[in-house]
Amino acid sequence: APPECPFCGEAAGRELEEHVRARHGHLLDAPGAENGERLYECPMCSLTCTDIQILEEHVDLHLEEHNFSEGIGMFHCDEDLELAQQLQTEEDEWQRSEEKREREEFKKLQRQYGLDNSGGFKQQYLKNMEREVDRGRMQPFEYHKRKADMMESLASGIDDGKTKTSGVIETLCKYYQNENKDVRRVWLSAGVDHFHSSLGDRGWGCGYRNFQMLLSSLLQNSFYNDCLRDTTLIPSIPKIQSMIEDAWREGFDPHGASHFNNRLHGSKAWIGACEIYSLLTSLRIKCQIIDFHKPTGPMGTHPRLFEWILHYYSKDNEGGAKVVCTSKPPIYLQHQGHSRTVVGIEEKKNKSLCLLLFDPGCSSQQMQKLLKQSCDGTGLKLLRKLMGSLKEKQYQIVSVDGVLSLEEKAARCQASQVLTSEKIP
């Protein structure tokens with residue numbers, strides 16, 4: 001057999017010496033080489049050993065250490081990957097949940113403000129009457145009669161008057177003449193009819209009903225005959241919606257119009273002070289929006305609002321009479337989610353102020369109690385609101401004060417495209 005290399009065991013034959021010098025020359029000078037001992041080199045760290053068994057043990061240690069490190073790395077790699085996947089899954093679930101919540105919140109707001117394409121006054125009226133019939137609260141013949149009346153009202157654009165109560169201001173004037181308990185003075189608006197929500201607008205029609213109240217007062221004042229010559233009767237809610245759309249088409253409040261996608265008719269959309277302002281101004285009725293954008297008194301109260309209303313009614317009415325029946329139109333009062341009509345203000349003997357409000361949420365039956373000759377003032381609880389009762393964060397009012405010329409109307413239309421309200425600091 002050919003001779004083997006003493007260092008690597010490879011068969012080298014006659015070229016053994018050349019093989020050793022070429023491949024293992026660096027070992028010839030290693031300790032023990034001069035004695036002819038066979039040396040073994042570690043293939044991983046170049047350590048030389050004279051015993052092959054020791055070298056094998058040494059190499060096994062290298063392999064164990066390598067496998068351990070590799071296993072640790074593999075373990076951490078798998079753990080990191082699993083954690084990353086878990087975090088990504090949680091992020092995806094949160095994103096989907098947030099998108100779902102936003103969609104549901106948006107749909108809720110659409111329903112709340114009547115922008116969900118679920119129909120308008122007519123559809124709600126019919127649906128609520130059908131529900132009344134199903135529950136036995138309405139006879140079928142009454143359903144068909146009221147449906148016919150409703151269709152006639154919609155066709156004419158005139159309110160059917162079934163939610164109207166007249167004569168309350170006159171009754172209040174007589175009551176205060178004889179009331180001597182705690183009211184020092186009281187100022188009342190000009191005559192105004194009360195309108196309440198019906199089956200067709202329950203839950204969203206307060207802004208329209210308050211406009212009807214304000215308009216009912218203006219129609220009784222000959223000063224506004226010229227600008228109201230095309231509106232001699234109280235319009236129905238769908239008609240009011242069309243009137244606001246007409247104001248938008250004239251150029252009033254394009255920002256507000258875009259909020260409703262320039263469409264109100266056939267919807268249950270809520271309206272507020274800006275829509276009332278646009279409608280009145282389009283009719284050449286001089287009005288203003290005043291924004292009480294934050295509380296001005298303790299416990300979230302609004303004394304500046306009460307003082308402004310007192311000044312509105314008492315200005316030019318400073319006589320010594322206890323009851324002052326002014327010629328001032330009522331005031332539209334708006335806060336988040338609801339609106340009412342201010343028809344007067346009391347000044348108590350202790351100098352505190354109390355507003356008198358018509359609320360569209362009060363039914364005709366409740367308002368009729370105020371008209372009874374035996375009224376002892378208990379029914380006034382429906383109207384009276386002390387300062388502590390009005391603690392919403394923000395209030396807006398729309399007040400009427402005259403008639404606009406065509407030039408003034410055009411100027412206000414232009415101005416409404418930028419700003420329509422004045423803020424009270």
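All of the numbers you see were taken from the coordinates with simple rules; none came from a lab. Remember, it's a predicted structure, so these values are computed and weren't measured experimentally. Cβ atoms come from the backbone with ideal geometry, glycine included; neighbour counts cover every protein chain shown.
Taking a straight line from the alpha carbon of LYS381, these lysines sit under 21 Å away, with near neighbours fewer than eight places off in the same chain left out: LYS164, LYS174, LYS181, LYS322, LYS348, LYS349, LYS351, LYS369, LYS372, LYS391. Taking other residues whose beta carbon is less than 14 angstrom from the beta carbon of ARG340, and scoring Lys, Arg as +1 and Asp, Glu as -1, yields +1. Ranked by the mean number of other Cβ atoms within 10 Å of their residues, highest first, the peptides 95-102, 326-333, 183-190, 382-389 fall in the order 326-333, 183-190, 382-389, 95-102. The length gained by stretching the chain between LYS391 and LYS181 to full extension, at 0.36 nm per residue less their Cα-Cα distance, is 73.0 nm. As I understand it, the dipole of segment 121-423 uses +1 on the Cβ of Lys and Arg and -1 on the Cβ of Asp and Glu, about the Cα centre. Which of ILE331, ASN262, THR171 lies farthest toward its positive end? The Cα lying farthest towards the positive end belongs to THR171.
Net charge of the neighbourhood of ASP92, taken over other residues with C-beta under 12 Å away and scored Lys/Arg +1, Asp/Glu -1, is -4.
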